[in-house]
Amino acid sequence: GLKLSGVWCLMVILQNLLTDGLTNQVFRGNGPRRTRSQMTIHESLFLDPLAKWRSYGRKPITLIMQVLLVILVTIQLDFYVKRDVQHFHNSINHFSQLFMGTTEKARTFSQTEELRGAIRTAIFNTFSINKLSIASYEVKDETGLPVQLLWRNGSVEEIWLSRKRCMSGPADRCLKKELACIFEIDHCLGRLSDIVIESLFEERADPYAAHYYCFDWLVKSHFSALVAGAFTGRLRYVIESCGVPKLPAYMRALHFAVAIIAASCLYQISRKFMRAVLVYHRIRKANRDSLGRCNISRSQAMGLFNAWWVLSALAHTAQIASTMMCIATEHSMTQQFTMLGWSSFLTWLTVCQHFEHYPSYYQTFQTMQTGATSVCTYMISVLPIFSAFTFLGVCLFWKTDYFKHPVASYATLFSLLNGDMVHDAFDSTGKIAGWGGHLYIYVFVFVFVYIILNVNVTIIEEAFYAARTRAEMHQSLETRSEYQEDQYDMISVTDREAVVVEDGEQFQPIRPSRSQTAPLERALSVGPTGSTKSEPAAKGATRDFSKSSASPSQQPILGRMSPRFLYNPDLQDALAATFPDRPPPGLLPDLQLSSAAGSDSAREKASSPVWWKRNLTEWAHKLRHHDWPKREEVTEMSEWTELTHALTDLGEAVREAEGRL
């Protein structure tokens, strides 16, 4: 208990050091950090964990726990692989040599005496396994050995061989008496379908060893007559753990840590899911027309849910199940390694979900998502052609092992399709059908390798180019967002309280219509609800940042948002309409102008041509005729760089406006 408590305290201290110390200096922004209460619902659902950390001080606990699980589960798997797998391989080879006379997976017996010798060896080596093995094996039932005979008419006969009777006298006398059909009566073997000899051993290591283990081996020597005229011998086995495993202290602590962290991650996933469910019901309820019909479809609203949550839940469930199985007293070792394998597989896959916010690392999944439908459709159209070649090969070349049945024929042609076994296929078909066999291979390779495979590669290539284009657009958005955020951080707290706007400049962003922009461009210009109207301000009016959406909670960090939000403009509209007091972040902050006394009561719509014509004329005049700073007069080069970036951003905005117009 003291050791486990010490390990747990060390993990907590390490987590605090990582989250509050070193890496805080890396991810901290230039300006004052905002509080968690200022986070919008959109950022809470779709923002990158590291961006939440940098902007709001919210520690990426889930990310840290998943990285820890990757390390711990890998160590867990490596321990059992090194301890057990090589030992199991050596034991299986030893049993195969004892009971089958070979270390191969299967052995064929076509002669009667050869089969009788193998059965005799399997029976008497079972009785004498302690004398024939270096490892310590004990027969669980020392009184005898069960032998099952399965007849072709479906009946089953079980014969009990007494160890005392068979070991005390001549071997053949006992076998001829108990197994007369095998060792005495001629032509009786032809009526048998299977002969099974079951052996149950217990293997124990030195109890004082550092890694004490105990295994129960159920070994079955199975002789099957499914192939006419011959018996095929195979060794089947089941390995189970017996007793409480003796594990080192660090492995016990590791099992405890994996179970606790996996349970914590499951709790975090359930919280995210319940929050998404509540938001889903709210936007479905709020976005309805006068007839009660919802303006956003269920498929679009499902963007609130992340498919990675399902995979993460399965991964954490597998981690808990595999850990509980490793510390259980009795369990199947095959099931244990199966659970450890799935746990490790899913644990490593769950890390990929955090690449969603980094498009350069997410292109593989975007490619599969984009091209999966096209590839599956094309493969379904090709399947009849592939099946035609398969069954033709079975009927023409059944004499060779490569085409002896449909499953083997499918495997052979699939290997040919991927460039394997080409010469072997030519050789085997040529020996049977001559030039006809060669023609069959030539036609198949030409159709599938030169045509079908290259078309499939082209489909994947187009999907990759589409994914890369989307990644570049996302990367551009992130770059612009980082620049905009840095510009905001440079404004001091005093300057944010009141900023004078000269000549009644109007900076309120215009939300484009649905038909004007693509989904990503829509995300770039997303703004709060009701931003389609602007109020002209008199000269000397001030921007009230205390009531402005340019507050810290409205900082433009859209580039780090999930693609589920960026490429779903309908979901953006629904969230903005449902949560008007907490609108989604946009690249251009909604700077509301407080009017001075005596301002015009009439308001022009910002979408009218008159408003745009008047303001664009004024802005163009100022850009042409106002004095620009000279580079040699600027003392701080960072100011000149920021001005250059701002001018570049303005040019991009003008080009985007031209496209929308």
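The values are calculated or read from the model by the stated rules, or taken from the named source; none is laboratory data. Note that this is a predicted model, so its numbers are computed, not measured. Glycine gets a Cβ as well: all are built from the backbone with ideal geometry, and neighbour counts include every protein chain shown. Note: areas computed on protein heavy atoms with side chains; ligands, DNA, RNA excluded. Shrake-Rupley method; radii C 1.70, N 1.55, O 1.52, S 1.80 Å.
Data table
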| item | result |
| --- | --- |
| Segment 394-410, residues that are at pLDDT below 90 and of a type outside the set (A, V, I, L, M, F, W, C) | Lys399, Thr400, Asp401, Tyr402, Lys404, His405 |
| Only listed residue being of a type in the set (A, V, I, L, M), modelled with pLDDT under 85 and within 13 Å of Ile123 (Cα to Cα), chosen from Ala171, Ala209, Ala228 | Ala171 |
| Out of Leu145, Leu161, Leu115, sole residue that is in contact (Cβ under 8 Å) with a residue 24 or more places away in the chain, of a type outside the set (Asp, Glu), closer than 14 Å to Val219 by Cβ and touching a helix residue (DSSP H, G or I) at 6+ places or on another chain (Cβ under 9 Å) | Leu145 |
| Subset of segment 304-354 [of a type in the set (S, T, N, Q) and open to solvent by 40 Å² or more (accessible area, probe 1.4 Å)] | Thr317, Thr329, Thr334, Gln335, Thr338 |
| One residue from Asn90, Asn125 being within 19 Å of Asp216 (Cβ to Cβ) and either in a loop (DSSP other than H, G, I, E, B) or in contact (Cβ under 8 Å) with a residue 12 or more places away in the chain (or both) | Asn125 |
| Qualifying positions in segment 358-405 - in a loop (DSSP other than H, G, I, E, B) and open to solvent by 60 Å² or more (accessible area, probe 1.4 Å) | Tyr358, Trp398, Lys399, Lys404, His405 |
| Close pairs (6 angstrom Cβ cut-off, 6 or more residues apart or separate chains): over 25 Å from Leu314 (Cβ atoms) in segment 262-288, open to solvent by 100 Å² or more (accessible area, probe 1.4 Å) anywhere | Asn287/Asn295 |
| Hits in segment 178-197 - residues which are open to solvent by 20 Å² or more (accessible area, probe 1.4 Å) and among the hydrophobic types (A, V, I, L, M, F, W, C) | Ala180, Ile185, Leu189 |
| Filter result for Pro49 (touching a helix residue (DSSP H, G or I) at 6+ places or on another chain (Cβ under 6 Å) and open to solvent by 20 Å² or more (accessible area, probe 1.4 Å)) | yes |
| Test: residue in segment 129-146 that is at pLDDT 80 or above, of a type in the set (S, T, N, Q) and under 17 Å from Ile197 (Cα atoms) | no |
| Thr469 vs. criteria of a type in the set (Val, Ile, Thr) and open to solvent by 30 Å² or more (accessible area, probe 1.4 Å) | yes |
| Condition broken by Ile71, with the remaining ones in (1) surrounded by 13 or more Cβ atoms within 10 Å (Cβ to Cβ); (2) at pLDDT 85 or above; (3) over 30 Å from Glu203 (Cβ atoms) satisfied | (1) |
| The one condition in (1) at pLDDT 85 or above; (2) farther than 14 Å from Val447 by Cα; (3) touching a helix residue (DSSP H, G or I) at 6+ places or on another chain (Cβ under 9 Å) that His423 fails to fulfil | (3) |
| Flag for Lys59 being in a loop (DSSP other than H, G, I, E, B), under 30 Å from Phe256 (Cα atoms) and either in contact with a Cys (Cβ under 9 Å, 6 or more places away or on another chain) or modelled with pLDDT under 90 (or both) | yes |
| Considering residues of segment 612-625 that are over 14 Å from Ala657 (Cβ atoms) and of a type outside the set (Val, Ile, Thr) only, the residue most open to solvent (accessible area, probe 1.4 Å) | Arg624 |
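For (1) open to solvent by 60 Å² or more (accessible area, probe 1.4 Å); (2) among the basic types (Lys, Arg); (3) part of a helix (DSSP H, G or I); (4) more than 30 Å from Cys181 (Cβ to Cβ), each residue gets a yes or a no:
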{"site": "Tyr80", "(1), (2), (3), (4)": "no, no, yes, yes"}
{"site": "Arg83", "(1), (2), (3), (4)": "no, yes, yes, yes"}
{"site": "Ser96", "(1), (2), (3), (4)": "no, no, yes, no"}
{"site": "Leu115", "(1), (2), (3), (4)": "no, no, yes, no"}
{"site": "Ala118", "(1), (2), (3), (4)": "no, no, yes, no"}
